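Colleague: Below you'll find the structure I mean.
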Amino acid sequence: QVQLVEYGGGSVQAGGSLRLSCAAFGYIYSNNCMGWFRQAPGKEREGVAAIDSDGSTSYADSVKGRFTISQDSAKNTLYLQMNRLKPEDTAMYYCAADHNGYGLAPRYNYWGQGTQVTVSS
(Lines give C-alpha, C1' and ligand atoms only; values in the text may rest on other atoms or scores of the structure.)
Protein backbone atom coordinates (compact mmCIF):
# COMPACT_ATOMS: atom_id res chain seq x y z
CA GLN A 1 0.00 0.00 0.00
CA VAL A 2 1.47 3.33 -1.08
CA GLN A 3 0.78 6.40 1.01
CA LEU A 4 1.91 9.95 0.25
CA VAL A 5 1.73 12.59 2.97
CA GLU A 6 2.29 16.25 2.19
CA TYR A 7 3.17 18.89 4.75
CA GLY A 8 4.68 22.35 4.93
CA GLY A 9 1.79 24.39 3.59
CA GLY A 10 0.59 27.53 5.29
CA SER A 11 -0.14 31.21 4.90
CA VAL A 12 2.46 33.65 3.67
CA GLN A 13 2.58 37.15 2.26
CA ALA A 14 3.36 37.78 -1.37
CA GLY A 15 7.09 37.59 -2.00
CA GLY A 16 7.61 35.05 0.75
CA SER A 17 8.75 31.43 0.58
CA LEU A 18 7.52 28.01 1.63
CA ARG A 19 8.93 24.52 1.31
CA LEU A 20 6.53 21.66 0.81
CA SER A 21 7.51 18.10 1.64
CA CYS A 22 5.98 14.80 0.60
CA ALA A 23 6.85 11.68 2.54
CA ALA A 24 6.25 8.37 0.84
CA PHE A 25 5.40 5.15 2.62
CA GLY A 26 5.47 1.84 0.82
CA TYR A 27 6.98 3.53 -2.23
CA ILE A 28 10.53 3.68 -3.46
CA TYR A 29 11.65 6.90 -5.11
CA SER A 30 14.43 5.45 -7.19
CA ASN A 31 13.41 4.58 -10.76
CA ASN A 32 10.05 6.22 -10.27
CA CYS A 33 8.50 9.55 -11.14
CA MET A 34 7.07 12.19 -8.87
CA GLY A 35 5.17 15.42 -9.33
CA TRP A 36 3.59 18.36 -7.57
CA PHE A 37 0.16 19.57 -8.59
CA ARG A 38 -2.18 22.26 -7.35
CA GLN A 39 -5.86 23.02 -7.51
CA ALA A 40 -7.52 26.30 -6.70
CA PRO A 41 -11.27 26.53 -6.01
CA GLY A 42 -13.24 26.34 -9.23
CA LYS A 43 -10.20 25.46 -11.30
CA GLU A 44 -8.79 22.25 -12.72
CA ARG A 45 -5.85 20.50 -11.16
CA GLU A 46 -2.65 21.64 -12.84
CA GLY A 47 0.87 20.31 -12.90
CA VAL A 48 3.41 22.50 -11.14
CA ALA A 49 6.66 20.53 -11.23
CA ALA A 50 7.76 16.99 -11.93
CA ILE A 51 10.90 14.92 -11.60
CA ASP A 52 11.52 11.86 -13.72
CA SER A 53 13.35 8.67 -12.87
CA ASP A 54 16.52 10.01 -14.51
CA GLY A 55 16.38 13.16 -12.40
CA SER A 56 15.19 15.44 -15.19
CA THR A 57 12.71 18.08 -14.09
CA SER A 58 9.90 20.02 -15.70
CA TYR A 59 7.98 23.07 -14.53
CA ALA A 60 4.83 24.93 -15.41
CA ASP A 61 5.62 28.25 -17.09
CA SER A 62 3.91 30.10 -14.27
CA VAL A 63 6.42 28.85 -11.68
CA LYS A 64 9.68 28.62 -13.66
CA GLY A 65 12.47 30.43 -11.89
CA ARG A 66 10.52 30.55 -8.62
CA PHE A 67 9.85 26.91 -7.68
CA THR A 68 12.32 24.05 -7.41
CA ILE A 69 11.47 20.37 -7.15
CA SER A 70 13.92 17.98 -5.52
CA GLN A 71 13.99 14.66 -3.75
CA ASP A 72 15.94 12.88 -1.07
CA SER A 73 15.82 9.22 -1.95
CA ALA A 74 17.42 8.20 1.33
CA LYS A 75 14.56 9.85 3.22
CA ASN A 76 11.93 8.89 0.63
CA THR A 77 10.87 12.53 0.58
CA LEU A 78 9.98 14.88 -2.24
CA TYR A 79 10.29 18.65 -1.86
CA LEU A 80 8.97 21.76 -3.54
CA GLN A 81 10.80 24.96 -2.68
CA MET A 82 8.56 27.90 -3.51
CA ASN A 83 10.07 31.38 -3.63
CA ARG A 84 8.67 34.79 -4.55
CA LEU A 85 5.17 33.52 -3.97
CA LYS A 86 2.24 35.32 -5.55
CA PRO A 87 -1.44 35.43 -4.59
CA GLU A 88 -2.22 33.38 -7.70
CA ASP A 89 -0.15 30.54 -6.22
CA THR A 90 -2.88 30.05 -3.63
CA ALA A 91 -4.20 26.49 -3.95
CA MET A 92 -4.25 23.03 -2.46
CA TYR A 93 -0.96 21.38 -3.37
CA TYR A 94 -0.71 17.64 -3.97
CA CYS A 95 2.18 15.32 -4.58
CA ALA A 96 1.80 12.38 -6.91
CA ALA A 97 3.81 9.31 -7.81
CA ASP A 98 3.88 6.66 -10.50
CA HIS A 99 6.17 4.13 -12.12
CA ASN A 100 5.52 5.87 -15.44
CA GLY A 101 6.71 9.35 -16.30
CA TYR A 102 3.67 11.54 -16.88
CA GLY A 103 5.44 14.84 -16.39
CA LEU A 104 2.92 17.58 -15.61
CA ALA A 105 -0.11 15.57 -16.71
CA PRO A 106 -2.35 14.56 -13.77
CA ARG A 107 -2.32 10.87 -14.70
CA TYR A 108 -0.31 9.60 -11.76
CA ASN A 109 -1.54 6.55 -9.94
CA TYR A 110 -0.80 7.62 -6.36
CA TRP A 111 -1.85 10.91 -4.73
CA GLY A 112 -1.51 12.54 -1.35
CA GLN A 113 -4.31 14.33 0.50
CA GLY A 114 -2.90 17.78 -0.16
CA THR A 115 -1.60 20.73 1.83
CA GLN A 116 -3.05 24.23 1.58
CA VAL A 117 -0.94 27.18 0.49
CA THR A 118 -2.40 30.66 0.87
CA VAL A 119 -0.57 33.74 -0.36
CA SER A 120 -1.92 37.13 0.64
CA SER A 121 -1.20 40.37 -1.17
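The values are calculated or read from the model by the stated rules, or taken from the named source; none is laboratory data. Everything numeric in this text was worked out from a predicted model, so none of it was measured. Note that we place each Cβ from the backbone using ideal geometry, even for glycine, and neighbour counts take in every protein chain shown. The protein model used for the area step is the full one, side chains on, heavy atoms only, and it has no ligands, DNA or RNA in it. Shrake-Rupley method; radii C 1.70, N 1.55, O 1.52, S 1.80 Å.
Colleague: For K64 and A105, calculate 0.36 nm times their separation in residues minus their Cα-Cα distance, and state this gained length in nm to one decimal.
Modeller: Once the chain is fully extended between K64 and A105, it gains 13.1 nm.
Colleague: Can you tally the net charge around S73? Count Lys and Arg as +1, Asp and Glu as -1, for every other residue whose Cβ sits under 15 Å from the Cβ of S73.
Modeller: Net of charged neighbours comes to -2.
Colleague: Stretch S56-Q39 to full length: gain in nm at 0.36 nm per residue minus the Cα-Cα span?
Modeller: Extra length from S56 to Q39 when fully extended: 3.8 nm.
Colleague: Also, quick follow-up: Give the calculated FRET efficiency between F25 and N83 to the nearest 0.05, with a Förster radius of 41 Å applied to their Cβ-Cβ distance.
Modeller: 0.90
Colleague: With every protein chain kept in place and ligands, DNA and RNA left out, what is the accessible area per residue of the chain? Probe 1.4 Å, answer in Å².
Modeller: Per residue, the chain has an accessible area of 51 Å².
Colleague: How compact and how long is the chain, expressed as Rg and Dmax of its alpha-carbon atoms in Å?
Modeller: 13.2, 40
Colleague: At a 1.4 Å probe radius, which order do E46, E88 fall into by accessible area, largest first?
Modeller: So the residues, ranked largest to smallest area, are E88, E46.
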